[in-house]
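Before any comments, here is the structure.
The values are calculated or read from the model by the stated rules, or taken from the named source; none is laboratory data. None of these values were measured; they are calculated from a predicted model. Methodologically, a virtual Cβ is constructed for each residue, glycine included, from the backbone with ideal geometry; neighbour enumeration extends over all protein chains shown. When the accessible area is computed, the model is the full protein with side chains, heavy atoms only, and any ligands, DNA or RNA have been set aside. Shrake-Rupley method; radii C 1.70, N 1.55, O 1.52, S 1.80 Å.
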Amino acid sequence: MVPWLLVLHVFGFTLWICGLLMSTFVLLRHTREPIPETRTNLAGLEKLGLRALADPGAFLTILAGVLLIMTNRPYFFHARWLRIKLIFVLLLIALHFIVGTRSKAFAAGRITLDPGYVRFLFVVILLVFLSILVATLPGAVLLIG
């Protein structure tokens, strides 16, 4: 069962990151688009990336992660690398919320977004993604437990 949970966890994480990066990339293009019809289409793509990729990916990642922890509680509850990873996962959840709310508000015309801010979100998502990988893979070896 553990190998399948790992597969689901990694698959969900891949969907989550792809959805967030795609939505942010499309949002960046959306901020620069002057044609109303194209702006509507871009808003639809942002929503698709979030609702079809990022949301299910986040759910699957978190569910499989919790189930993985439950398979070996004594080990995971004392693993320092897991605590570090969970901090970055909380940051990713916050970024997911930020991208979703900003995208929806921008599409509705309630806010304006600076392309520099959206580019910053994209880079931060990438850095959090890499931090989760480092905390998980080499972190388990470097932090020994």
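Using the Cα centre as the reference, give the magnitude of the dipole from point charges on the C-beta atoms of the range 59-145 (Lys, Arg: +1; Asp, Glu: -1; all else neutral), rounded to the nearest 20 debye.
So the magnitude is around 120 debye.
Full-extension gain between GLU33 and LEU67, please, as 0.36 nm times their residue separation minus the C-alpha to C-alpha distance.
Gain on extension, GLU33 to LEU67, equals 7.9 nm.
Using only Cα atoms, locate the centre of the range 78-134 and the centre of the range 1-65, then give the distance between them in Å, rounded to an integer.
The two parts, judged by their Cα centres, are 12 Å apart.
Which shape class applies to the range 74-129: rounded if a/c is under 1.5, otherwise prolate when a/b exceeds b/c and oblate if not, where a ≥ b ≥ c are the square roots of the Cα gyration tensor eigenvalues?
It comes out prolate by the Cα gyration axes.
Taking only the alpha carbons of the chain, what extent do you get along each of the three principal axes, in Å, biggest first?
56, 27, 20
Please work out how much accessible surface ILE62 shows to a 1.4 Å probe, ignoring ligands, DNA and RNA, in Å² rounded to 10.
Number for this one is 70 Å².
Residue by residue through the range 71-80, which ³J(HN,Hα) values in whole Hz follow from phi under the Karplus form 6.51 cos²θ - 1.76 cosθ + 1.60 (θ = phi - 60°), with glycine and proline marked x?
Each residue's phi maps through the Karplus curve to give 6, 8, 3, x, 5, 5, 5, 10, 7, 5 Hz.
How big is the charge dipole of the chain about its Cα centre, in debye rounded to the nearest 20, if each Lys and Arg gets +1 on its Cβ and each Asp and Glu gets -1 on its Cβ?
The dipole magnitude comes to about 220 debye.
Which percent of Cα-Cα pairs in the range 13-59 sits in each 10 Å bin, short to long?
34, 46, 18, 2
Towards the positive end of the charge dipole of the range 1-129, with charges on Cβ (+1 Lys, Arg; -1 Asp, Glu), say which of SER23, LEU67, SER103 has the farthest Cα.
It is LEU67.
For the chain, what does the helix formula give at 222 nm: sum of -39500 (n - 2.57) over DSSP H segments with n ≥ 4, over the residue count, nearest 500 deg cm²/dmol?
Rounded to the nearest 500, it is -29000 deg cm²/dmol.
Return the FRET efficiency for the residue pair ALA108, PHE59: r is the Cβ-Cβ distance, R0 is 30 Å, and the value is rounded to the nearest 0.05.
Using R0 = 30 Å, I get an efficiency of 0.75.
How much accessible area does PHE129 have with a 1.4 Å probe, in Å² rounded to the nearest 10?
Accessible area, nearest 10 Å²: 50 Å².
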